[in-house]
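Colleague: So that we are looking at the same thing, I have put the structure below in structure tokens.
The values are calculated or read from the model by the stated rules, or taken from the named source; none is laboratory data. Being a predicted model, the structure only gives us computed values, none of them experimental. Reconstructed Cβ throughout: ideal geometry from the backbone, glycine too, with neighbour counts over all protein chains shown. Please note that ligands, DNA and RNA were not included when accessible areas were found on the heavy atoms of the full protein model with its side chains. Shrake-Rupley method; radii C 1.70, N 1.55, O 1.52, S 1.80 Å.
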Amino acid sequence: MPTPQALVERMLDMAKLTPKDIHYDLGSGDGRTVITAAKRGAQAVGVEFNPDMVALSERAAAKEGVSAKAKFINGDIFQTDFSSATVLTLYLLPSLNLKLRPTILKMKPGTRVVSHAFSMDDWQPDQTDNVEGRTAYLWIVPAPVEGTWRWSVAGGGQKEYELVLRQQFQQVEGLVKLDSGKMGQLRNVKLNGDQLSFSIHEVTGTSGTLQRDYTGRVSGNSIQGVFKSGNGAETKWTATRAN
């Protein structure tokens, strides 16, 4: 069953598809999602097991004048390398989504994944939308951040920080330890692709608190970014994962 064109447009809107993206549609059927992405300027690839549907898609792409941007592979989605995709669209049964999920979670953090009708079980979507009675789900592939992170901050004496994070997909929680042995309060932890943000509240003196708001980009075992103190000044920081 083809995805209604209005939903195709909405799914690509949800993914914020741009001409800079590489788009893969798994189970591309008649090719309409790939052709629509190509019309928006993206390099788009459809993977379809049925050779007749691939031939139909190629004819449609030629008719729409996007053959240079819209390519179709007659193959098995589980045997095809789509790791270069920055946007992935799906209209597959839940069992197939779950089978694909481990591969998707290993894709580059920030990759946008949009599914028509079917979810990813306990991986909750970042966005849900409805068009003409049909549902679409968006996930943003999260960076792996679980573990113990350490960094130091200068100013008023060197301060050492240890951040211990636990992760369930894009949901992250944890605790922070200060070099004084005291526990800080970790608040507002958010992970969006490879972008991590959180706040640390420290007790100062007898009744005061100091809040630092951190943002950073996760790359392997490193986080680099800036933090803001109460006066609004920005300071660079780099954390390293200890385990």
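Colleague: Would you call R166 in a strand (DSSP E or B), within 28 Å of A233 (Cβ to Cβ) and open to solvent by 20 Å² or more (accessible area, probe 1.4 Å)?
Modeller: On the way: in a strand (DSSP E or B): yes; within 28 Å of A233 (Cβ to Cβ): no; open to solvent by 20 Å² or more (accessible area, probe 1.4 Å): yes.
No.
Colleague: For residues in the stretch 71-104 being under 18 Å from the mean Cα position of the chain (by Cα) and in contact (Cβ under 8 Å) with a residue 60 or more places away in the chain, which is most open to solvent (accessible area, probe 1.4 Å)?
Modeller: That would be S84.
Colleague: Can you tell me how many residues within the stretch 63-95 are over 24 Å from D13 (Cβ atoms) and touching a strand residue (DSSP E or B) at 6+ places or on another chain (Cβ under 9 Å)?
Modeller: Number satisfying all stated conditions: 5.
Colleague: Answer with yes or no whether R150 is open to solvent by 90 Å² or more (accessible area, probe 1.4 Å), in contact (Cβ under 8 Å) with a residue 40 or more places away in the chain and either assigned to a strand (DSSP E or B) or not hydroxyl-bearing (S, T, Y) (or both).
Modeller: yes
Colleague: Test each condition in (1) open to solvent by 60 Å² or more (accessible area, probe 1.4 Å); (2) closer than 25 Å to V141 by Cβ for A68 and report the one that comes out false.
Modeller: Answer for A68: the failing condition is (2).
Colleague: Shifting gears a bit: The conditions are (1) open to solvent by 80 Å² or more (accessible area, probe 1.4 Å); (2) in contact (Cβ under 8 Å) with a residue 24 or more places away in the chain, and L191 fails exactly one of them. Which is it?
Modeller: All conditions are met except number (1).
Colleague: Would you say Q167 is over 20 Å from R150 (Cβ atoms) and in contact (Cβ under 8 Å) with a residue 24 or more places away in the chain?
Modeller: Numbers: over 20 Å from R150 (Cβ atoms): no; in contact (Cβ under 8 Å) with a residue 24 or more places away in the chain: yes.
No: the conditions fail for Q167.
Colleague: If I ask for residues that are open to solvent by 20 Å² or more (accessible area, probe 1.4 Å) and within 19 Å of S67 (Cβ to Cβ), which ones from the stretch 18-28 would you list? Steps first, please.
Modeller: Taking the stretch 18-28 and keeping what is open to solvent by 20 Å² or more (accessible area, probe 1.4 Å), we get 18-20, 22, 24, 27.
Hits for the stretch 18-28 are P19, I22, Y24.
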